[in-house]
Amino acid sequence: MTPRKLDWRAIEPKLVMLRRLLGQLDELGAFDESRLRSDWASTLAVERILTLLVDLAVSINSHVGAATLGEAPSSYAESFTSAARAGMITTELATALRPSVGARNVLVHTYLEIDYAQVADAIPLARQQFAEYVVQVATWLRETVRGPGSAG
């Protein structure tokens with residue numbers, strides 16, 4: 001496979017959207033199992049936000065993996081390992097984010113069997129871990145791809 005060229009212009013809009021989604025998640029406030037079961041509109045919004053966070057990160061990871069490592073990740077979960085191998089995020093963050101793929105898959109594919117206690121527990125983790133993901137990717141772009149002193 002011929003490696004794709006890394007295009008920071010394809011990554012930055014995804015980082016902007018990740019920031020927007022995290023801001024919206026914060027605006028929705030705290031969630032527990034009870035609120036997830038009773039506030040259906042907010043629950044749907046949270047589910048969509050959580051799935052989009054993963055999808056956008058995987059898209060970034062896959063682009064960076066293909067461009068810098070010369071190989072596309074074989075799975076959503078593997079994309080986080082590829083991002084760490086490329087030096088975009090730390091191994092610790094990649095390990096922490098890998099389980100978010102499983103949560104995304106449950107939300108996308110098994111609507112009738114969702115464990116809302118697990119979703120409630122996942123929300124603060126998603127806020128923290130994906131916020132850190134955005135910081136690490138933005139730093140990597142600025143320092144590695146665009147060069148020190150560039151905006152972004």
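The values are calculated or read from the model by the stated rules, or taken from the named source; none is laboratory data. Remember, it's a predicted structure, so these values are computed and weren't measured experimentally. Every residue, glycine as well, gets a Cβ built from its backbone with ideal geometry; the counts of neighbours run over all protein chains shown.
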TODO: Tally the residues that are of a type outside the set (Lys, Arg) and assigned to a helix (DSSP H, G or I), restricting the search to segment 1-32.
DONE: 17
Open item on the list: Within segment 51-69, does at least one residue satisfy the condition of being hydrophobic (A, V, I, L, M, F, W, C), more than 25 Å from residue 144 (Cβ to Cβ) and either touching a helix residue (DSSP H, G or I) at 6+ places or on another chain (Cβ under 8 Å) or surrounded by 15 or more Cβ atoms within 10 Å (Cβ to Cβ) (or both)?
Closed with: yes
- [ ] Kindly indicate whether any position in segment 95-102 is closer than 30 Å to residue 143 by Cα and surrounded by fewer than 14 Cβ atoms within 10 Å (Cβ to Cβ).
- [x] yes
TODO: Out of the residues in segment 126-145 that are more than 11 Å from the chain's Cα centre (by Cα) and surrounded by 15 or more Cβ atoms within 10 Å (Cβ to Cβ), state the one that is nearest to residue 17 (Cα to Cα).
DONE: 138
Task: Boolean, residue 34 is more than 27 Å from residue 139 (Cα to Cα), free of Cβ contacts under 8 Å to residues at least 24 places away in the same chain and either buried (at least 19 other Cβ atoms within 10 Å of the Cβ) or of a type in the set (S, T, N, Q) (or both) - done: yes
Open item on the list: Condition first: under 12 Å from residue 120 (Cα atoms) and aliphatic (A, V, I, L, M). Can you find one or more residues in segment 28-35 that meet it?
Closed with: yes
Open item on the list: Go through (1) within 27 Å of residue 73 (Cα to Cα); (2) at pLDDT 95 or above; (3) of a type outside the set (Lys, Arg) for residue 3 and report which single condition fails.
Closed with: (2)
